[in-house]
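Okay, so here's the structure we're looking at.
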Protein chains: 2
Amino acid sequence: MLGATFMGVKLGILGLGTVGTGTVKLLQDKNGRHPLLQDIEIYRVGVRSLDKPRDVQLPEGVITTDLEGIVNDPEIDIVVELMGGLEPARTLILKAIANGKHIVTANKAAISRFGAEIFTAANQAGVYVMLEASVGGGIPVIQPLKQSLSVNQISAVTGIVNGTTNYILTRMQTEGSDFADVLADAQKLGYAEADPTADVDGWDAGDKIAILASLGFGGRINREQVYCEGIRQVSKTDIAYASKLGFVIKLLAIAQNVKNGHRDNSLLSVRVHPTLVPQTHPLASINGVYNAILVEGEPIGQVMFFGPGAGEGATASAVSADILNLVANLKTNHAHLNPTLACRHQHYSEIAPISELVTRFYTRFLTEDHPGVIGQLGTCFGKHGVSLESVVQTGFHGQLAEIVVVTHDVREGDFRQALAEIAAMPAINSIPSIFRVL
Amino acid sequence: MLGATFMGVKLGILGLGTVGTGTVKLLQDKNGRHPLLQDIEIYRVGVRSLDKPRDVQLPEGVITTDLEGIVNDPEIDIVVELMGGLEPARTLILKAIANGKHIVTANKAAISRFGAEIFTAANQAGVYVMLEASVGGGIPVIQPLKQSLSVNQISAVTGIVNGTTNYILTRMQTEGSDFADVLADAQKLGYAEADPTADVDGWDAGDKIAILASLGFGGRINREQVYCEGIRQVSKTDIAYASKLGFVIKLLAIAQNVKNGHRDNSLLSVRVHPTLVPQTHPLASINGVYNAILVEGEPIGQVMFFGPGAGEGATASAVSADILNLVANLKTNHAHLNPTLACRHQHYSEIAPISELVTRFYTRFLTEDHPGVIGQLGTCFGKHGVSLESVVQTGFHGQLAEIVVVTHDVREGDFRQALAEIAAMPAINSIPSIFRVL
């Protein structure tokens, strides 16, 4: 590929679902877009079934069910993997790389789990793996992290990166509704999948923050070490209390340098959980299906990227931008990979266990209604070094009193020990909600 | 430069003010940042006076007052122009280009006025002109417009791109203060210049939107055709009325495709003016010295970039990112300019005169207090095809009644004609405020 005279670029696209269809449409409608699109040919599109009706027109012979044939075709320069899922995506990507093809992918699941294997293979083969569409839909965030922001020492990347859960939380907030009702309605409206697990349990956001952490902090991330907690336990009661305290509840994906120092051998906290976000924080006003990624670093301070986190057009924009970037680099006929586009990390980042996190907590208790309970709570927290920012007896819940506590910064392990002790107290009925506070 | 074996890159920096100092500091502190920074050498720094105390340490002989010597030095690969102002910046940039040097600049004034001349020279010489720092401080927006978003048909670029005016308007809003008082205080605090004209009259924002329009819409912009209206006429009275109507007042810089069609031969509206922005709009919550740029296009929808619009560190981040990008491209030893980095526009965009703008208007009238006035206003507006969304008699102002009108979309020329007629009515005392509504 490298070094040859530039003759235009042939794509082999794997997958013609929502994103694949959007990408084909965008690449076919070249007028009024970047002139470099003229150099791109959709040479093959691999699908599972030829019989399915398609929303795009392609010349005879372009659509094929022979996916292996695409990754082995010597005519093809770039394989655009838009199938999603772990296999056969991983195997096809690796074969394409072994055959010297560049990769464009929107597959956060495969990249977050097999990134190390895929990038190592790509570096050996001298090809690029581009993944702008894997996080934040159409929002340009991968390329800015690789290029524009890479002169910074990044201290944190914090994102609302899952549109489904942000849509559900936004509706719970504005309508005062329960999680289960909004989820059911979101499924009816197509904003949530029939099996919503990957979204509502935070796994999708976990994939994405693993990728962002890798780019922001310059090390590979072991996906299994990313702590993921979803939004099933968020209730309208907590949203209302949070609101009174000046917060909104958001599912945040956070990657944070927890060792004050330089990037190499950094100790990271990488996690997904519902979070109380101060109403004045830039992420607090990101509503509905929108995504936003806030990057903090030195010397830049805070920058935030906001936009549609999913959808045919937005994701197609990101996929096509990656293709364009590759075409521009191939056209310059370079003999080496461009180091701001290539995958540069060889080592794994060390990830701190969640018990080592230092954060504030919001906790709601249901207790017997007798006057000594708050004192007992305070004593037990004090014993474990948990200092309280506010304690509010918020009301009654049947026969039970409801107490909401917000702590100062505390090591999570210490806090959980205190909670275990408190949960065993006779006066404590239950602890329905525990959320971290930004 | 192109085609030679890569030996690291030598910089000649022109200017060691705030941005120059920040850039030198950042480039010297390579640890924990992109490894490519190791390939960069600060070879010369040109200053006006050697006697001024400096906040950075540089080896003997690096600092010089011989700016001509820098742009003519065959050792230097990249000239980083951080002097600002029109001359000698323009002449030095052109000489450096003629000598085959790549340019990185933060100079929005020179680029917005002399961009055509500079880019033509750069394309002839086969060098890059990089300008991320010229708009939005540290926010990556130039490079995303050139690369990630360039597969889109852009319909509008709308920005809060001047930190000083946004700081003033935010304080007027939150404190209910008058323009003159906040300006005086901002000057004391260093948020506004002693001569605040370039900021408060919208010229700085005009330079920036000219640059953004050029990148977003793929044509050169004649800076003199950019309509600029500043914030001097914004009063606390209008901010309060706007708030009641559901708006905040922001100084927006807007570039908009006003011909529904493709990018070539597009007709643009490019303008800067105080604007009533709906409180729910993403730009409404951008406060203080922060900047944000909202890009709308097909198929992406809306994406917004948010961050610090000025300051030593943020701007140094953008300048250094451009340098890094160049080094990455030079290192790949390419024989042609990368078309997603190079300047690609040859033609000028056609700019529509402000009288052709179709927009809503907010207008405040002071009138004699008699019952027929609203009817007279309505009749005159109707005659000119101006339809009204709301008319509110808001109160009294001494002996005079105060009437606030919001129109539906109207051609600005027609609206101004109606206003001229209304201003001549005996019942009309004055028209203190006229603002466009987003």
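The values are calculated or read from the model by the stated rules, or taken from the named source; none is laboratory data. Since we're looking at a predicted model, the values are computed, not measured. Backbone-built Cβ (ideal geometry, glycine too); neighbour counts: all protein chains shown. Surface accessibility is based on the protein's heavy atoms, side chains included, excluding ligands, DNA and RNA. Shrake-Rupley method; radii C 1.70, N 1.55, O 1.52, S 1.80 Å.
Between this copy and the others, label points of residue A:117 are 5.9 nm apart in ascending order, each placed 7 angstrom from Cα in the Cβ direction. When the alpha carbon gyration tensor of the protein assembly as shown is reduced to an equivalent ellipsoid, its three semi-axes come out at 40, 40, 30 angstrom, largest first. Amide H contacts for residue B:258 (H built 1.01 Å from N in the peptide plane; partners 5 or more residues away or on another chain; cut-off under 5 Å): B:267, B:268, B:269.
Multiplying the residue separation of residue B:117 and residue B:387 by 0.36 nm and removing their Cα-Cα distance gives an extension gain of 92.7 nm.
Remark: relative contact order (region B:265-411) = 22 percent; criterion is Cα-Cα distance under 8 angstrom and separation of 6 or more residues.
Of the Cα atoms belonging to region A:283-438, the radius of gyration and Dmax stand at 24.3, 78 Å. Phi angles across region B:89-100 convert, under the Karplus curve 6.51 cos²θ - 1.76 cosθ + 1.60 with θ = phi - 60°, into 3J(HN,Hα) values of 3, 4, 4, 5, 4, 5, 5, 4, 4, 4, 8, x Hz, Gly and Pro given as x.
Comparing mean-square fluctuations of A:289, A:405, A:80 from a GNM of chain A with C-alpha springs under 10 Å, the top value falls on A:405.
If you filter region B:229-318 for GluC sites (Glu not before Pro), then keep DSSP loop positions with at most 10 other Cβ within 10 Å, what is left?
Taking region B:229-318 and a limit of 10 other Cβ atoms within 10 Å, no loop GluC sites (Glu not before Pro) are found.
Which distances, shortest first and in nm, link residue A:425 to the matching position in the other copies, using label points set 7 Å out along Cα to C-beta? Nearest to farthest, the other copies are at 7.0 nm.
From Cα pairs below 8 angstrom and at least 6 apart in sequence, can you work out the relative contact order of chain B, rounded to a whole percent?
On the way: 927 pairs, mean separation 75.4, N = 438.
Once divided by the residue count of chain B, the mean separation gives 17 percent.
Count the net charge of all other residues whose Cβ sits under 15 Å from the Cβ of residue A:202, scoring Lys and Arg as +1 and Asp and Glu as -1.
-1
Taking R0 as 45 Å, what FRET efficiency do you get between residue A:376 and residue B:368 from their Cβ-Cβ distance, rounded to the nearest 0.05?
Details: r = 72 Å, r/R0 = 1.59.
The value I calculate is 0.05.
Inter-copy label distances for residue A:41: 4.6 nm (label point placed 7 Å from Cα along Cα→Cβ; shortest first).
For region A:179-238, the convex hull drawn through the C-alpha positions has a volume of 100 cubic angstrom per residue. Rolling a 1.4 Å probe across the protein heavy atoms gives the protein assembly as shown an accessible surface of 37 Å² per residue. Compactness of region A:57-121 was expressed as the Cα radius of gyration divided by 2.2 N^0.38 Å, which yields 1.11. Values of log10 I(q)/I(0) for region A:200-282 across q = 0.15, 0.19, 0.22, 0.24 Å⁻¹ run -0.61, -0.85, -0.98, -1.06, by the Debye formula with one identical scatterer at each alpha carbon and no solvent.
P(r) for chain B, from all Cα pairs and a bin width of 10 Å, is 4, 20, 28, 23, 13, 7, 4, 1, 0 %, short bins first. Quarter the surface of the alpha carbon convex hull of region B:105-148 and you get the mean projected area, 3.2 square nanometres. Translational diffusion coefficient of region A:218-340 (Stokes-Einstein, Kirkwood radius from Cα pairs, 10 °C, 1.306 mPa s): 89 µm²/s. Counting only DSSP beta bridges with both residues in region A:357-437, the antiparallel share comes to about 100 percent. The three principal axes of the C-alpha atoms in region A:357-437 carry coordinate ranges of 35, 21, 17 Å, sorted with the longest axis first.
Relative to its residue count, region B:142-308 spans a Cα convex hull of 110 Å³ per residue.
Among the protein heavy atoms of region B:353-405, carbon and sulfur supply 56% of the accessible surface, probe 1.4 Å, non-protein parts ignored. Mean residue ellipticity at 222 nm, helices only, chain A: -10000 deg cm²/dmol; runs of at least 4 DSSP H residues each add -39,500 (n - 2.57), and the sum is divided by the number of residues. Computed over chain A with a Gaussian network model linking Cα atoms closer than 10 Å, the most mobile of A:304, A:83, A:425 is A:425.
Annotation: amide H-H contacts under 5 Å for residue B:348 (H modelled 1.01 Å from N, sequence separation of 5 or more, or interchain): B:220.
Mean-square fluctuations from a GNM of chain A, with a 10 angstrom spring cutoff on Cα atoms, peak among A:294, A:251, A:50 at A:50. Counting Cβ atoms of other protein chains within 10 Å of each Cβ in B:317-326 and taking the mean gives 5. Among the listed pairs A:236/A:383; A:331/B:146; A:208/A:250; A:30/A:331; A:30/B:108; A:30/A:146, which have their C-alpha atoms separated by more than 24 angstrom in this model? Beyond 24 Å: A:236/A:383; A:30/B:108; A:30/A:146. Taking every DSSP beta bridge with both residues inside the protein assembly as shown, roughly what % is antiparallel (nearest 5)? For the protein assembly as shown, the DSSP antiparallel bridge percentage is about 70. Of the Cα atoms belonging to region B:1-93, the radius of gyration and Dmax stand at 13.4, 40 Å. Averaging the sequence gap over all C-alpha pairs within less than 8 Å and six or more residues apart, then dividing by the number of residues, gives region B:142-308 a relative contact order of 33 percent. Mean partner shielding of peptide B:336-342, defined as the number of other chain Cβ atoms within 10 Å of each residue Cβ, is 6.
Calculated FRET efficiency, residue A:30 to residue A:65, Cβ-Cβ distance, R0 = 30 Å: about 0.65 to the nearest 0.05.
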